[in-house]
1. Based on other C-beta atoms within 10 Å, arrange Ile108, Ile103, Ile253, Ile121 from fewest to most.
2. Suppose each label sits 7 Å from its Cα in the direction of the beta carbon; what would the Ala192-Leu144 distance come out to in nanometres?
3. Taking 7 Å along the Cα-to-C-beta vector as the label spot, tell me the Thr219-Ala89 distance in nanometres, rounded to one decimal.
4. Pull out a ≥ b ≥ c, the square roots of the eigenvalues of the alpha-carbon gyration tensor of the chain, then state rounded if a/c is under 1.5, prolate if not and a/b is larger than b/c, and oblate in the remaining case.
5. Exceeding 22 Å between C-alpha atoms, which entries from my cross-link table qualify? They are Lys224/Lys250; Lys19/Lys159; Lys81/Lys209.
6. Assuming R0 = 25 Å, can you tell me the calculated FRET efficiency for the pair Arg39 and Val208, based on Cβ-Cβ distance, to the nearest 0.05?
7. Place +1 on the Cβ of every Lys and Arg and -1 on the Cβ of every Asp and Glu in the chain, take the dipole about the Cα centre, and give the residue among Met179, Tyr254, Val70 whose Cα lies farthest towards its positive end.
8. Sorted from fewest to most neighbouring beta carbons within 10 Å, what does the list Leu156, Leu27 look like?
Amino acid sequence: MADPRRVEFGDFLRSRREKLTPKAVGLPLSSRRRTAGLRREEVAQLAGIGVDWYIRLEQGRTVSPSVTTVDALARALRLSKAEHAHLKALARDGDRRPFTREIVPPPIRRMIESLKQPAYITGRRWDVLAWNAAAEEVFGFGQLPEQDRNTLLLVLTNKQTRKFYGAGWTEVAKSMVAMFRATHDVWAGDPAFTELLTRLRQGSPEFVKWWEAHEIRSTASGLKTMNHPTKGVLRFEHTSFQANDDPALKLVIYTPVQSVEA
């Protein structure tokens with residue numbers, strides 16, 4: 001049985017190859033070319049590796065590319081910094097223990113409870129594990145069953161949350177999918193992640209399309225505008241931090257910002 005992580009490694013290579021044009025890498029155009037993407041042999045040539053070896057990598061076979069090979073593939077495929085890091089993560093032989101839901105240490109719980117602005121803690125699967133009173137007023141995590149306290153499920157499958165983000169929903173949701181892809185692929189095949197993926201596919205047609213695109217983004221701060229059902233229009237600057245005690249835990253803080261009148 002193929003290693004799910006190796007399969008994701010191969011799928012990612014193929015998705016980047018198919019999106020890269022010959023012109024972008026300085027190769028001549030050919031009238032015989034049937035697709036816009038690069039051929040496997042062209043990627044192998046650009047990376048300086050054997051064609052058969054590259055094909056094995058793209059097919060997700062159980063082979064272990066060296067750091068040098070991964071770096072060469074990243075250059076050949078013109079990967080971004082986030083995409084390059086993702087390829088490196090997939091190439092490593094990682095911890096294959098089953099996923100278990102994280103536990104938030106009491107000091108971290110007390111810290112977020114002391115904050116005045118909305119704040120919450122998520123785990124590797126993007127489950128919401130702890131939150132403060134300000135976050136409850138905005139997001140209502142406590143009103144949801146525990147299995148539904150997941151930021152991906154909330155944004156992609158909850159109709160009320162979709163209204164919550166209004167016209168900005170598509171950009172927010174699409175960005176989240178690209179960021180989660182980087183986490184998921186490292187845990188590909190784990191039952192907990194497979195279950196979440198099934199729920200997302202069943203609950204969001206847009207998710208299915210975005211997931212197949214295999215886009216990768218790194219976590220970034222930004223602005224979000226929300227149409228709260230009782231508080232009206234809310235604008236926040238959001239940012240996130242990893243916990244030193246457990247890097248799997250991520251603190252997300254929403255700082256209110258005032259709109260600037262022209």
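1. Values: Ile108 17, Ile103 11, Ile253 20, Ile121 25.
Ranked by crowding around the Cβ, least crowded first: Ile103, Ile108, Ile253, Ile121.
2. My value for the distance between the label points is 1.6 nm.
3. Modelled inter-label distance: 1.0 nm.
4. Numbers: a/c = 2.29, a/b = 1.75, b/c = 1.31.
Prolate, since a/c reaches 1.5 and a/b exceeds b/c.
5. Values: Lys224/Lys250 18 Å; Lys19/Lys159 32 Å; Lys81/Lys209 24 Å.
Lys19/Lys159; Lys81/Lys209, as the Cα separations exceed 22 Å there.
6. Working: r = 28 Å, r/R0 = 1.11.
Computed FRET efficiency for Arg39 and Val208: 0.35.
7. The one lying farthest along the dipole's positive direction is Val70.
8. Values: Leu156 26, Leu27 16.
In order of increasing Cβ crowding within 10 Å: Leu27, Leu156.
A short reminder: the numbers here are calculations on the coordinates, not readings from a lab. If you're wondering where the values come from, they're calculated on a predicted model, not measured in any experiment. So basically every Cβ, Gly included, is an ideal-geometry build from the backbone, and we count neighbours across all protein chains shown.
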